[in-house]
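Written out below as structure tokens is the structure these notes cover.
The values are calculated or read from the model by the stated rules, or taken from the named source; none is laboratory data. Nothing here was measured: the structure is a model prediction, and the numbers come from that model. Here Cβ is always computed from backbone atoms with ideal geometry, including for glycine, and neighbour counts include all displayed protein chains.
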Amino acid sequence: MLKGNLMIAGRISVVRWKYILIAALLCLAMAMPLHAEEAEDEVKIGNNAATQVDKESKFITDPVLVQRVQAIGKAVADVANTKEVPAAYGSSKVAKFNYSFKILDDKEINAFSLPGGHVYINKGLLDYVQSDDELAGVMAHEVAHAAHHHAMHLIKTQQQQMLGVGVAVLASILAGAKGGDMAGIAYMANLINIAKMSDYGKEAEFDADRTAVAFMAGTKYNPVGMLTFMERLARDEIRKPEVNYGIFANHPPSRLRASAILKEVKALGLPINRRLVTKYVKVEVKSVKLESGESLSEVWVGDTKIVRLADIGKTKSLDRADELADRLGDLLDAGAGMKDVRMGPGGTSVILMGTTFYTPTADDAALAGQSISKLADSVAKALQMVFHKEKIQSL
Ligand SMILES: [Zn+2]
């Protein structure tokens, strides 16, 4: 199974590099030197490659999705076009690219960008992200590749080798081979290139991740989204090897990338609250009808029941449940975790993040058929169960 996945990953890298190589070859074919008028060449190379991709691809045109991707893309691109972020790979020189963002009709979890700011997002990736923040993270990564001129850097450093390949392909084209063969030859050339360039690949990926966090910090999107996205990829890579994770192609292990991103986000001084940017389980109030016909309310988190609340005088069970659910939602949003659950004095209340979260009443205890301290204890245990389940999910 792993072998199958590696083969898929290999194919994707080849496809991506094919575009860059084809663009480089087109330049050679047009006798356009790569070193002169560099910025102009970069845009031309990108445009040529994009034309090729556009010709070969099917796009998603659903206006809701297109609008979502373009709005996020524009926010990131505006920062990339103005903010200089030091490059650990490529060049940090700010180029005001006319960024474009398109959605490919492809189930694979992948995205890529071409020189000059042509960014492509697969539909599979849109289905995989759990928030706009996560999507913005992936898009910022792709924008960073273009903004830091990664492909140009690679083409320049490998120019000697490219020229050799170029001559071979040109000779083959001149000898009468039709366009269809070019991809085949480029494919082979890329297999060699990928093997030789894997080191540059890793540096470029780490630089794109780091730069993406810096770009996101200039938008309304939460850079923690990049972290949760990478953590989930790392987890699913192991759990669901049958899924195509194109985004891993030519990339360093996602676990390493996730820990590098975590460091960057922490360096920004941002709180690491994963719940805000993912589909973590939500707090809910559920109503239950007792045999007596009486209706009571319970607070749940996902599939874990926290507590059933009794009516107290004029205060109805539902009002108490709503109030408790709101408080729990706020505490979860504030980043409450396993270590924040404590018992209050005498074990008769539950403390969460240093504040009293819940004190069982005698009626609540009677409803549960437990003593007050026993009920407090089971509420604390239910909260711990919620955090435990989340932990398992995010591993
Ligand atoms: Zn990348």
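Structural remarks
- Pairs where the first residue, in region 87-102, is in contact (Cβ under 8 Å) with a residue 60 or more places away in the chain and the second is crowded, with 19+ Cβ neighbours inside 10 Å and of a type in the set (D, E, K, R), C-beta under 7 Å, 6+ apart: Ala87/Asp207; Ala88/Asp207; Ala88/Arg210; Tyr89/Asp207; Gly90/Asp207
- Residues satisfying the stated conditions in region 113-137, i.e. surrounded by 22 or more Cβ atoms within 10 Å (Cβ to Cβ), within 17 Å of the chain's Cα centre (by Cα) and not β-branched (Val, Ile, Thr): Ser113, Tyr120, Asn122, Leu125, Tyr128, Asp133, Glu134, Leu135, Ala136, Gly137
- Failed condition for Lys381, given (1) part of a helix (DSSP H, G or I); (2) over 36 Å from the mean Cα position of the chain (by Cα): (2)
- Of the set (1) farther than 20 Å from Ala208 by Cα; (2) within 15 Å of the chain's Cα centre (by Cα); (3) not charged (D, E, K, R), all apply to Gln67 but (2).
- When residues in region 343-371 are screened for being touching a Ser or Thr at 6+ places or on another chain (Cβ under 8 Å) and either surrounded by fewer than 16 Cβ atoms within 10 Å (Cβ to Cβ) or farther than 30 Å from Glu294 by Cα (or both), 7 of them pass.
- Of the residues making up region 288-316, just one is acidic (Asp, Glu) and under 16 Å from Ala362 (Cβ atoms), namely Asp311.
Per-residue answers, yes or no, for (1) at pLDDT below 95; (2) touching a Ser or Thr at 6+ places or on another chain (Cβ under 8 Å); (3) outside any helix (DSSP H, G or I); (4) within 16 Å of the ligand (Cβ to nearest atom):
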residue	(1), (2), (3), (4)
Gln70	no, no, no, no
Ala77	no, no, no, no
Pro86	no, yes, yes, no
Ala95	yes, no, yes, no
Glu108	yes, no, yes, yes
Phe112	yes, no, yes, yes
Leu135	no, no, no, yes
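The rows are residues; the columns are (1) at negative phi; (2) aliphatic (A, V, I, L, M).
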| site | (1), (2) |
| --- | --- |
| Val288 | yes, yes |
| Arg327 | yes, no |
| Asp333 | yes, no |
| Lys339 | yes, no |
| Ser349 | yes, no |
| Gly354 | no, no |
| Leu367 | yes, yes |
| Lys389 | yes, no |
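- Considering only residues in region 201-216 that are more than 13 Å from the chain's Cα centre (by Cα) and not hydrophobic (A, V, I, L, M, F, W, C), the one that is nearest to the ligand (Cβ to nearest atom) turns out to be Glu205.
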